[in-house]
Amino acid sequence: MATLTEMTETVPAPADRFETLFGRFYPELYAVVYRVLGERMASEDIVQDAFLKLNDDAELQRKPDVEVGAWLRRVALNLAFNRLRGERRARARLERVGRLETGTDEAADTPAILMLRVEEQVEVRRALAEVPERQRECLLLRHSGYSYAEIAATLGLAVGSVGVLLARAEQAFRATYRRQSP
Amino acid sequence: MILETACPERGTWRAWLDHEENDPRLDAHLETCSTCTHLVGELREAAAVANRALSSLGVARHPSADETALARERFAWRQRQTAAIPDVQKPAAGRRRAPAFVSHIPTPWRIAASGMAAAMALSVLVGFTDVGRTAAAAFLSQFRSQQVAAIEVSPQSQTEIMKALGALGNLGTLKTAAGANARPGVVPPLPQPRSVSLVEASQQVGFPLQTPDPKTLPAGIDPTPQVQVIAPTELRYTFDKSKASSYLRSNGHANVDLPDKFDGATLVVSTPAAALLQYSAKDSRDALLIGQSGELVVSVEGKVTLDELRDFLLSLPGLPKETTDQLRLIRNWNETLPIPIPTDKYNWKSERFNGGQGLLLNDNTGIGSAAIWQSGGHLYGVAGSLKANDLKRVADSLAVR
């Protein structure tokens, strides 16, 4: 997602810097957090929490977009997973999301298709919950479209380590996902 | 790193699949190594399974520019709310969060709750509609909430309303009863609630509080609520002609003039004491919330009339026409509290609750619902992570017990 120029640029901190960062990163952060939580309101809250932390850190805002973006993703993912932490709470949420979630485009589907989709989401989230946290974050970021460089910056890894973490994550996910829905 | 004599690691192959490794020696190795061919096949299959599965969790679409702008406004609202709470009232790190009324309700519900407060500002406009002109003779300088009505606001309208109300800060000064300056368009922080008994709360709000029939509460909800009382508040917005003229001129609205008699005129919004009954469940402290208060009163001090205020406020630059049109359509404007409903978050319908006409709101996920109605001179609200039918049963069962 980030270009080489963006990754090496130095950014001054004009008065509207925060506005720029909000406009640029809000949509993508929301999309990533939504994958974790599956709830619009909770996702919006988590992303806002991340921006509140950014707003308090003037020095961070002066850093290049790529660094700020990585920091925001890290914070938002931590906040999202913290929210899900706790086996019983997580499972209750999974059940609730599975039963009640309706996406914007789903209204046009038949009830049977909608039910299948909801069941699939429940199974995917259950399988995800069993993948070790670091691998899970890597998996979510990669399948949200982030590059290895962006994933490495977000998770504090060497770029060369992303491939092996991702391979392990996908293997672990496939094993649990197949166990649940053979 | 690729060695001429050894097979590359699985991480390297995984990166190669994503075109993150483009060394041509990898392609050459793959043509001659059955072990790596098998490994790459496995990696490819696992990646495809994950990709197919995870794509089912994605948002149908990313937030649009309008929705992002609205999120930014909501962020600013939340930020100012936080900043407006004095440090002494902020929770210390590591301690349980202070019971700051709505602080632990998801933001959209906090905004819905603050719809009450936003309604104060909109009520001012309601009082100045054409429909209300005749009745204004009887209620020349006062508005008292007796019923509620929905005002639908789209994401774009929400942004415009917040900006227009925010601009009021440049036309005058908003003060709380304590004398602290506040910003128009920004709902000043509600007074910190105090935990009390139901009897004490009834005494403080001035009428016997109602509670739901425990049989109507969903399974898992503790039937004993935590009761909190929020003290009454008074907001005073005083017009300042010189400040307003200067602002309007500098923003290219020199044609919008504030007449002399507006200078020093004051709108007084009195919110009564309110009680909040908080019902918890094992996985949520706010499984169900029931709020009760007296009526909201808006009055005017100074030389201006309601008609003049209406004309001026409705001419404020930036206020969306779709909103002012809906306000104009409200009958009994002088006793109807408009409740702004963000159409991107909630759908609503008119409904009767426990003898009073009100509004039933559903959030678009189907997870949460809320009801608000006025009855017997009191305003009632119920909200929670309940289906609408279950919530209505709770609302209908409210009674003094």
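So the values come out like this:
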| read-out | value |
| --- | --- |
| Alpha carbon convex hull of the range B:201-244, projected area averaged over orientations, nm² | 6.1 nm² |
| 1.4 Å probe, heavy atoms, protein only - residues of the range A:35-64 losing at least 40 Å² accessible area vs chain alone | A:35, A:40, A:41, A:44, A:45, A:48, A:52 |
| Karplus 3J(HN,Hα) series, Hz, for the range B:229-235 with 6.51 cos²θ - 1.76 cosθ + 1.60 (x for Gly, Pro) | 10, 10, 5, x, 9, 9, 10 |
| Straight-distance crosslink candidates among lysines, where the alpha carbon sits under 23 Å from residue A:53 and sequence neighbours closer than 8 are dropped | A:63, B:90 |
| Kirkwood Rh and Cα Rg combined as Rg/Rh, the range B:216-266 | 1.52 |
| Chains B and A together, accessible area buried on both sides, 1.4 angstrom probe, square angstrom | 4600 Å² |
| Whichever lysines have a C-alpha closer than 20 Å to that of residue B:345, once near sequence neighbours (fewer than 8 apart) are set aside | B:163, B:387, B:392 |
| Under 5 Å, built H, 5+ apart or other chain: amide partners of residue B:341 | B:151, B:152, B:153 |
| Cα-derived Rg over Rh, computed across the range A:116-171 with Rh taken as Kirkwood radius | 1.04 |
| Under-5 Å amide H pairs with residue B:58, H placed in peptide plane, nonlocal only | none |
| Karplus 3J(HN,Hα) series, Hz, for the range B:393-401 with 6.51 cos²θ - 1.76 cosθ + 1.60 (x for Gly, Pro) | 4, 5, 4, 5, 8, 4, 7, 6, 10 |
| Shielding by partners - mean other protein chain Cβ count within 10 Å, residues of A:155-167 | 5 |
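The values are calculated or read from the model by the stated rules, or taken from the named source; none is laboratory data. Keep in mind the model is a prediction, meaning the values are calculated, not measured. Cβ coordinates were reconstructed from backbone atoms using ideal geometry, including for glycine residues, and neighbour counts include every protein chain displayed. To get the accessible areas, we keep the full protein, side chains included, count just its heavy atoms, and leave off ligands, DNA and RNA. Shrake-Rupley method; radii C 1.70, N 1.55, O 1.52, S 1.80 Å.
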